[in-house]
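I have placed the structure first, in the form of structure tokens, so that the comments after it can refer back to it.
The values are calculated or read from the model by the stated rules, or taken from the named source; none is laboratory data. Bear in mind the structure is a predicted one, so any value in this text is a computation, not a measurement. No Cβ is skipped: glycine too gets one built from the backbone with ideal geometry, and neighbour counts run over all protein chains shown. Just so you know, the surface numbers come from the protein's heavy atoms only, side chains and all, with ligands and any DNA or RNA stripped out. Shrake-Rupley method; radii C 1.70, N 1.55, O 1.52, S 1.80 Å.
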Amino acid sequence: MCGNSMSAPLPAVVPAARKATAAVIFLHGLGDTGHGWASAFTGIKTPHVKYICPHAPTIPVTLNMRMSMPAWFDIYSLNHDADEDASGIKRASENLKALIDHEVKNGIPSHRIMLGGFSQGGALSLYTALTSQHKLAGVIALSCWLPLRNSFPQASACGANADVPLLQCHGDADGIVPVHFGRQSVEKMKSLINPANITFKTYRGLAHDACPEEMVEVKKFIEKQLPPI
């Protein structure tokens, strides 16, 4: 649904075991699909929560020598000060907001919807939460960074999500998105949302991947922010 939604297949969905009263929308990383994360959430699912794992469209990626691969937006470089695909990020964010709108129209209020993602997907989820007019239940940001960080003023009221709970996790052996990117993003986020609602966890020896301990933390976060009603 994100990026160019016309070229992306329908999301992978893990349905709720009973009537869905909450939803988690989780975005995969560069070159991946939603299927793996749908499988991961199947292993930690909560009965009243629906898990939606969209697939990014296939686009040329500058970092990949312009070869086409699933991506939410273009990435020019992994350098911290590299130029960013601002128009692509904003376009993908608008499509993600449209997916939130779709769930709201289907009966799940936005404050019962959580965004999340891994790597590039986590970056897009952070940006979308900061720019959405929908009040969200929380954000899960794994092994990622805050894109277009200089476009956000310090101490921003941040609209509807000034108090959104954030769980950000990162492996300290990440060679793709170094852990200091995560730490810098957390410091920036503390100036944009309520710092008391930010949890940052690092995992010793974890590369650019997820681990069982991290997924347990994700499950606890979801259950805390999306309790049964």
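Just to check, using Stokes-Einstein with a Kirkwood Rh over alpha carbon pairs, what's the diffusion coefficient of region 60-139 at 37 °C and 0.692 mPa s in µm²/s?
Value of D from the Cα-based Kirkwood radius: 242 µm²/s.
Calculate one ³J(HN,Hα) per residue across region 211-220 by plugging θ = phi - 60° into the Karplus curve 6.51 cos²θ - 1.76 cosθ + 1.60, and present them in order as whole Hz with x for glycine and proline.
With the stated coefficients, region 211-220 comes to 9, x, 4, 5, 5, 4, 5, 4, 4, 4 Hz.
Using a 1.4 angstrom probe and counting only protein chains, how large is the accessible area of residue 217 in Å², to 10?
40 Å²
Contact order normalised by length for region 30-77, with contacts defined as Cα pairs under 8 Å and 6 or more residues apart; what percent is it?
Across region 30-77, relative contact order equals 37 percent.
Distance cut-off 25 Å, Cα to Cα: go down the list 50/188; 190/224; 19/220; 19/190; 19/219 and report the pairs above it.
Beyond 25 Å: 50/188; 19/190.
Just from the alpha-carbon atoms, what are the Rg and Dmax of region 132-229 in angstroms?
Cα radius of gyration and Dmax of region 132-229 are 13.7, 41 Å respectively.
For region 68-220, with only Lys/Arg (+1) and Asp/Glu (-1) charged at the beta-carbon, what is the dipole magnitude about the Cα centre, in debye rounded to 20?
Charge dipole, region 68-220, about its Cα centre: 520 debye, nearest 20.
So for region 1-87, considering every pair of alpha-carbon atoms, how many percent are separated by more than 22 Å?
That fraction is 36 percent.
Where both residues lie in the chain, what percent of DSSP beta bridges are antiparallel, nearest 5?
25 percent
Relative to the present Cα-Cα distance, how much length would full extension add between residue 77 and residue 19 at 0.36 nm per residue of separation?
Here the segment from residue 77 to residue 19 would lengthen by 16.6 nm.
Per q in 0.09, 0.11, 0.16 1/Å, what log10 I(q)/I(0) does a Debye calculation on the alpha-carbon atoms of the chain return?
Calculated log10 I(q)/I(0) at the listed q: -0.31, -0.48, -1.10.
Place +1 on the Cβ of every Lys and Arg and -1 on the Cβ of every Asp and Glu in the chain, take the dipole about the Cα centre, and give the residue among 96, 173, 60 whose Cα lies farthest towards its positive end.
Of the options given, the answer is 96.
Going from most exposed to least, what order do 48, 102 have by accessible area with a 1.4 Å probe?
Most to least solvent-accessible, the answer reads 102, 48.
Among 93, 119, 77, determine the one that fluctuates most according to a GNM of the chain built with springs between C-alpha atoms less than 10 Å apart.
77
Go through 132, 87 and list them by solvent-accessible area, largest first, probe radius 1.4 Å.
87, 132
One quarter of the convex hull surface, Cα atoms only: what value does that give for region 123-189 in nm²?
Result: a mean projected hull area of 4.2 nm².
State the extension gain, in nm to one decimal, for the chain segment bounded by residue 58 and residue 105, taking 0.36 nm per residue of separation less the distance between their alpha-carbons.
Value of the extension gain: 14.1 nm.
Can you show me the helix-derived [θ] at 222 nm for the chain, built from DSSP H runs with n ≥ 4 at -39,500 (n - 2.57) apiece and divided by the number of residues, rounded to the nearest 500.
Taken over the chain, the calculation gives -9000 deg cm²/dmol.
Counting alpha carbon pairs within less than 8 Å and at least 6 residues apart, what relative contact order, in whole percent, applies to the chain?
Over the chain, the number comes to 17 percent.
So how far, in whole Å, is the C-alpha centre of region 159-229 from the one of region 44-113?
17 Å
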